[in-house]
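Visitor: The structure is given below, and queries will be raised subsequently.
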């Protein structure tokens, strides 16, 4: 079973713009969850709170939450619930705006994340974390700087540094936390 949290059905999103149902994952084994009832009929839909997932322990192999975590008052509770409801070696996949993004600072967002803060929160929950960035902020300036920078470092360092630099100067952060590689902190 797989779970997608926050599929764009909440009332406050409708105030800003119409929110079509655009899931990141699909299939008969997917359960969709949001705070409000959707306008359209969705198979396997459940109303629920992301900070208190209404599912049994170790129910899912994958949990996706696209642009949800920044709306939560206590995102660490959501991650703890993900840990509880994920099976061993399961993954949580998160998408959220980077602190540099023009969409990061709006009245509906309770949190703002950068590479370091998102990575730290995921690892403190017990997950092995991989955070990457998508879409450059100040794209041309960063691209020009990086093209000069890449020439001065070796190939092994480039892979490691590239992900961190890209995640620092991006519009969107994408994080994957894997349960089972690390042990949950006591």
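Visitor: Are any of the residues in segment 114-123 modelled with pLDDT of 60 or more and more than 15 Å from residue 174 (Cα to Cα)?
Guide: Within segment 114-123, none of the residues are modelled with pLDDT of 60 or more and more than 15 Å from residue 174 (Cα to Cα).
Visitor: So, one more: What number of residues in segment 54-81 are touching a helix residue (DSSP H, G or I) at 6+ places or on another chain (Cβ under 6 Å), touching a residue at least 40 places away in the same chain (Cβ under 8 Å) and more than 27 Å from residue 99 (Cβ to Cβ)?
Guide: So the count comes out to 3.
Visitor: Could you look through segment 124-135, keep only residues that are surrounded by fewer than 18 Cβ atoms within 10 Å (Cβ to Cβ) and farther than 20 Å from residue 24 by Cα, and pick out the one that is modelled with the lowest pLDDT?
Guide: Once the filter is applied, the top-ranked residue is 128.
Visitor: Mind checking which residues of segment 54-86 are closer than 18 Å to residue 28 by Cα and part of a loop (DSSP other than H, G, I, E, B)?
Guide: 55, 59
Visitor: Related question: Examine segment 99-113 for a residue that is surrounded by fewer than 21 Cβ atoms within 10 Å (Cβ to Cβ), part of a helix (DSSP H, G or I) and modelled with pLDDT of 90 or more, and state whether such a residue exists.
Guide: No - not one qualifying residue is present in segment 99-113.
Visitor: Would segment 46-53 turn up any residue that is under 14 Å from residue 31 (Cα atoms) and touching a residue at least 60 places away in the same chain (Cβ under 8 Å)?
Guide: no
The values are calculated or read from the model by the stated rules, or taken from the named source; none is laboratory data. Quantities reported herein were computed from a predicted structural model and do not represent experimental measurements. Note that we place each Cβ from the backbone using ideal geometry, even for glycine, and neighbour counts take in every protein chain shown.
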